[in-house]
Amino acid sequence: MDVPHTGFRRVLVVGTGALGVAFLPFWINWLRSALPETEVRVALTRSALRFVSADAVAVLSGREVFVDDWSTVSGVDVPHVELARWADLVLVHPATLHFVGRYALGITDTPLMLALQSTAAVVGVAPSLPPAAHRNPVVRGHLDVLRARPGVVVAPTIPAVSASTGELEDGGSAPLNELYDLCVAHAAAVAADAEAEAEADADAVVVAKGAGS
């Protein structure tokens, strides 16, 4: 898996309660091996803990795992502010249908959702959808809202064998390395647009000065 050059130095990986989160230890190991200069932290929703061990992820990431639950936070802690400011890239992998809906609607009922709604970091989302969910107009609407939101990158779903039906369905989450690549490409495009705009502004200033002389 090739890794392009990127300015991302602090990556927050968010695991939600889809079965694919069981593979998160593999992806954390990949991130740390492929990007040794990058700091990696992990946050897990309560439902994710059904499928992956916070202790295993903590060992592989080298950092304590943040569990997205107000009951784990003391009265003086403000983890949502710290997480929002710390990360320059957030990778939500996998992102359940429940997460996609809450994020699209701007819901802020947990520390992690507060952080994601207020962070300036690029946020990559890899949806993991139940069979046929992509046909639901409400689901499509939520995905469209996220695609249109500045700084948010939504990876396309991929065909995957459903654990419930045993059939190949279109709703599997894209591999984390592909989500990462999409975020790198997005950041590069934004930087290029900003540079082009700055050059255009500089040219306009030169033209204005020439016209006034």
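The values are calculated or read from the model by the stated rules, or taken from the named source; none is laboratory data. What you see is a predicted model; the values in this text were computed from it and never measured. Note that we place each Cβ from the backbone using ideal geometry, even for glycine, and neighbour counts take in every protein chain shown. Only protein heavy atoms, including side chains, enter the accessible area calculation; ligands, DNA and RNA are left aside. Shrake-Rupley method; radii C 1.70, N 1.55, O 1.52, S 1.80 Å.
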message: Skipping prolines and chain starts, which residues have an amide H placed within reach, meaning under 5 Å, of the one on Val13, given they are 5 or more residues away or on another chain?
response: Arg41, Val42, Ala43, Leu91
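Run the dipole for the range 1-107 about the Cα centre, Lys and Arg Cβ at +1, Asp and Glu Cβ at -1, nothing else charged, and hand back the magnitude in debye, nearest 20. If you can, show how the numbers build up before the last one.
Working: 9 positive and 10 negative charges, 33 e Å.
Here the range 1-107 has a charge dipole of around 160 debye.
Starting from the Cα gyration tensor of the range 43-124, take the square roots of the eigenvalues, sort them a ≥ b ≥ c, and report rounded, prolate or oblate (rounded when a/c is under 1.5, otherwise prolate if a/b is larger than b/c, else oblate).
Numbers: a/c = 1.32, a/b = 1.15, b/c = 1.15.
Rounded is the answer for the range 43-124, as its axis ratio a/c remains below 1.5.
Share of the range 79-171's accessible area from carbon and sulfur, percent, 1.4 Å? Working shown, then result.
Working: 2440 of 4130 Å².
Carbon with sulfur: 59 percent of the solvent-accessible area.
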query: How much accessible area per residue does the chain have, in Å², with a 1.4 Å probe?
result: 51 Å²
query: Is it possible to state the helix-based mean residue ellipticity at 222 nm for the chain, with each DSSP H run of 4+ residues giving -39500 (n - 2.57), the sum divided by total residues, to the nearest 500 deg cm²/dmol? What is it?
result: -14000 deg cm²/dmol
Calculated FRET value between Ser164 and Ala120, using beta carbons and R₀ = 30 Å, to 0.05: 0.20
query: If you place +1 on the Cβ of every Lys and Arg, -1 on the Cβ of every Asp and Glu, and leave all else neutral, what size is the dipole of the chain about its Cα centre, to the nearest 20 Debye?
result: 480 debye
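Taking a ≥ b ≥ c as the square roots of the eigenvalues of the Cα gyration tensor of the range 80-129, is the shape rounded (a/c under 1.5), prolate (a/b larger than b/c) or oblate? Numbers along the way, then the final one.
On the way: a/c = 2.33, a/b = 1.36, b/c = 1.71.
It comes out oblate by the Cα gyration axes.
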statement: If unit charges are put on Cβ atoms (+1 for Lys and Arg, -1 for Asp and Glu) and the dipole of the chain is taken about its Cα centre, the option from Val65, Gly166, Val154 lying farthest towards the positive end turns out to be Gly166
query: Residue by residue, what Karplus-based ³J(HN,Hα) values in Hz, rounded to whole numbers, does the range 12-24 have, using 6.51, -1.76 and 1.60 with θ = phi - 60° and x for Gly and Pro?
result: 9, 9, 10, x, 10, x, 8, 4, x, 5, 4, 8, 4
- request: Let me know the charge dipole size of the range 118-179 about its Cα centre in debye, to the nearest 20, where only the beta-carbon of Lys, Arg (+1) and Asp, Glu (-1) is charged.
  value: 260 debye
statement: Of the range 83-105, those with amide N under 20 Å from the point 7 Å along the Cα→Cβ vector of Ser47 are 91-105
query: Taking R0 as 30 Å, what's the FRET efficiency between Ala54 and Arg135 from their Cβ-Cβ distance, rounded to 0.05?
result: 0.30
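Can you work out the FRET efficiency for the pair Ala192 and Asn29, with r the C-beta to C-beta distance and R0 = 41 Å, to the nearest 0.05?
Working: r = 32 Å, r/R0 = 0.78.
For R0 = 41 Å, the calculated efficiency reads 0.80.
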